[in-house]
Amino acid sequence: KSIAIEAPTGTGKSIGYLLPGILAARATGAPFIVSTHSKTLQDQLLEKDVPAIRSLLNDPDILATTVKGQENYLCLRKLHDVADRVLTSTSKKEQVEKHWAVTYLMILSTLSPKVELDRVSRYLRGRFPSLQDFLDQARSHHSTTIGPPCPYYSRCHFFNSARLSHPAQVVIANHALVFQWPAHLPKIRNVVFDEAHHLEDQITRAFSLEAVESEMNHAIDRLFKRRFRVAE
């Protein structure tokens with residue numbers, strides 16, 4: 001049945017809901033969904049609390065993953081477009097720094113099936129000024145997603161996040177995503193809201209629209225490219 005629990009920090013709330021959640025996932029075959037307030041807490045649950053549960057249950061095979069909003073993932077198609085522009089149009093003065101930044105992103109894209117942009121090294125963002133701009137340009141977005149026709153679809157980091165979530169026993173999401181749950185993610189059967197006092201603000205943000213200049217410029221560039229190809 002539904003239950004609301006309030007407890008202070010450090011009393012073991014995460015362990016308290018993860019244990020029965022994992023047992024429920026085993027019984028039902030449906031992933032246990034954890035909804036948090038922040039991406040930082042998502043990462044903490046995955047890297048600290050889930051390993052503790054594996055130790056408690058003596059089960060190293062418990063599968064857990066995070067899912068985040070689409071804009072948190074690297075788009076391989078956009079990244080290759082960025083790389084092509086940098087390699088063909090940068091001046092000698094800008095060339096070295098921009099090449100290093102693009103090279104870092106290209107290597108990073110191969111190291112994991114899903115690259116979450118908020119976890120890109122802050123040190124390197126400061127070391128390579130172009131890196132943040134390239135991250136914004138290569139950010140996945142629903143308005144530019146083309147799905148299976150994309151040549152990178154089978155390796156798409158955004159869709160890989162969903163592919164990894166289906167066999168998982170624990171899927172760690174956030175409040176904003178849960179209230180706009182994409183159809184390609186596992187259906188929600190059992191869910192716990194951690195830090196539920198943030199729900200009102202997060203739901204408001206989830207159903208608000210935001211226009212970002214870099215995304216608008218990218219959309220306009222795509223329209224011009226499409227028009228040029230038609231004219232050709």
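Remarks
- For the stretch 1-86, applying the loop criterion from DSSP together with a ceiling of 10 other beta carbons within 10 Å to the trypsin sites (Lys or Arg not before Pro) yields LYS1.
- Summing charges over all other residues whose Cβ lies under 11 Å from the Cβ of GLY69, with Lys and Arg as +1 and Asp and Glu as -1, gives +1.
- Trypsin sites (Lys or Arg not before Pro) restricted to the stretch 123-232 and DSSP loop, no more than 16 other C-beta within 10 Å: LYS187, ARG189
- Over the stretch 2-71: Kirkwood hydrodynamic radius from C-alpha pairwise inverse distances, Å: 13.2 Å
- Among the chymotrypsin sites (Phe, Trp or Tyr not before Pro) within the stretch 19-105, not one is in coil by DSSP while having at most 15 neighbouring Cβ atoms inside 10 Å.
- The 3J(HN,Hα) values that the Karplus relation (6.51, -1.76, 1.60; θ = phi - 60°) gives for the stretch 131-147 are, in residue order, 4, 4, 5, 5, 4, 5, 6, 9, 6, 5, 8, 4, 6, 10, 7, 10, x Hz. Gly and Pro appear as x.
- Per-selection metrics, the stretch 120-179 (Cα): Rg and Dmax in Å: 14.9, 40
- Among residues other than THR40 with Cβ under 14 Å from its Cβ, the summed charge is -2 (Lys and Arg +1, Asp and Glu -1).
- Protein heavy-atom accessible surface, 1.4 Å probe, per residue over the stretch 1-86: 52 Å².
- Residue pairs, from the table LYS114/LYS187; LYS1/LYS68; LYS78/LYS98, whose Cα atoms sit over 25 Å apart: LYS1/LYS68
- Additional length obtainable on full extension of the chain from ALA219 to LEU23, 0.36 nm per residue less Cα span: 66.0 nm
- For the stretch 38-110, the fraction of 1.4 Å probe accessible surface lying on carbon and sulfur atoms is 55 percent.
- Hydrodynamic radius by Kirkwood, which averages 1/r over all alpha carbon pairs of the stretch 1-127, in angstrom: 18.0 Å
The values are calculated or read from the model by the stated rules, or taken from the named source; none is laboratory data. Just so it is clear, the model here is predicted, and its values are computed rather than measured. Glycine gets a Cβ as well: all are built from the backbone with ideal geometry, and neighbour counts include every protein chain shown. Ligands, DNA and RNA are stripped out before the accessible areas are found, and what is left, the full protein with its side chains, is counted by its heavy atoms. Shrake-Rupley method; radii C 1.70, N 1.55, O 1.52, S 1.80 Å.
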